[in-house]
Amino acid sequence: MTGRIITARHGRPNVDRSVRITAKEYGAWWANYDLSGLAPGEEPPGSLVEAAGDCHVVLSSTLPRAIETAAKIVDHARHVPQDAMFVEAPLPPPPVPFLKLSPTTWGVISRIFWFVGLSPKGVETHRGAWRRVRQIADRLIEHAERGDHILLCAHGYVNWMLDGHLRKRGWGRECHVGDNDYWSWRSYRRVAPDLEAVTDMGERKPS
């Protein structure tokens, strides 16, 4: 029997979102965000802990907030492999001078610039992120098709991209808890053939 795929967003990081900063300063703020673990007192919801208890495999991105999230979900009781494949889609500072805005507002502006292709050289593009999401989905589906229930502890935008991609590949969403907030999670089951499966040569084939 095909297993279940679960994707979870990390808990609230230990960063200050109340500051007003320039776009350049936002670049430094985001770099610090990627180095930050969870805020004190952050704990996973019981529903997510219960779902994780049924999983044969738990994976995490290599960013501290995701690593600590996974550790809390499994109560530090099992090994959680980490992979940079699962990190968040980038949010490079946009080329907007003078303005001082909150990190949350800069995040929205940055995502728009990145989405339309206006990002610095060397930064993963929107198209590149979609290629990576396909690779993530391939890995999760491979586990599930072996009968494993699998949980991925990752990030908000990557999980959102995965949601659309998995559903296009025949995975129905069983539940969605917490919208796209911290500690939110989604569960998927195979409901249709995977018409988006690809060979190593990049050719489409039915599963």
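Nothing in this text is a laboratory measurement; each read-out follows from the coordinates by a stated rule. The structure displayed is predicted, hence computed values, not measured ones. Every residue, glycine among them, receives a Cβ derived from its backbone with ideal geometry; neighbour counts consider all protein chains shown.
In the neighborhood of LEU99, defined by Cβ-to-Cβ distances under 13 Å, what is the net charge if each Lys or Arg adds +1 and each Asp or Glu adds -1?
Net charge in that neighbourhood comes out at +2.
Cα centroid distance between segment 76-134 and segment 139-164, in Å?
A separation of 19 Å, based on Cα centres.
Using 0.36 nm per residue of separation minus the Cα-Cα distance, give me the extension gain between LEU118 and MET85 in nm, one decimal.
9.6 nm
Tell me the mean residue ellipticity at 222 nm calculated for the chain from its helices only (DSSP H runs of n ≥ 4, each -39500 (n - 2.57), averaged over every residue, nearest 500).
After summing the helix terms and dividing by residue count, I get -12000 deg cm²/dmol.
Taking the Cα centre of each part, how many Å lie between segment 10-28 and segment 29-51?
After rounding, the separation between the Cα centres reads 15 Å.
Of the residues GLY156, GLY41, GLY170, which exhibits the maximal mean-square fluctuation in a Gaussian network model of the chain defined by a 10 Å Cα contact cut-off?
With Cα springs under 10 Å in the chain, the top fluctuation among GLY156, GLY41, GLY170 is at GLY41.
Before anything else, pin down the relative contact order of segment 5-190: Cα pairs under 8 Å, at least 6 apart, normalised by residue count, whole percent.
Across segment 5-190, relative contact order equals 35 percent.
With each pseudo-label sitting 7 Å past Cα toward Cβ, what's the VAL177-LEU99 distance in nm, one decimal?
Between VAL177 and LEU99, the simple spin-label model gives 3.7 nm.
Which of these, PRO103, PRO93, PRO120, has the largest mean-square fluctuation under a Gaussian network model of the chain (Cα springs below 10 Å)?
PRO120
Using Cβ counts within 10 Å as a stand-in for footprinting exposure, how do LEU140, LEU101 rank, fewest first?
Final ranking by Cβ density, sparse to dense: LEU101, LEU140.
Go ahead and set up a Gaussian network model of the chain, Cα springs under 10 Å, then flag whichever of ASN32, ASN159, ASN180 fluctuates most.
Fluctuation is largest for ASN32.
Could you line up ARG127, ARG169, ARG134 from fewest to most neighbouring Cβ atoms inside 10 Å?
Lowest count first: ARG127, ARG134, ARG169.
When a footprinting reagent is the concern and you count Cβ atoms within 10 Å, what order do HIS143, HIS76 take, fewest first?
If I rank by nearby Cβ atoms, fewest first, I get HIS76, HIS143.
Expressed in nm to one decimal, what extension gain is obtained for the pair ARG189 and ASN32 from 0.36 nm per residue of sequence separation less their Cα-Cα distance?
52.9 nm
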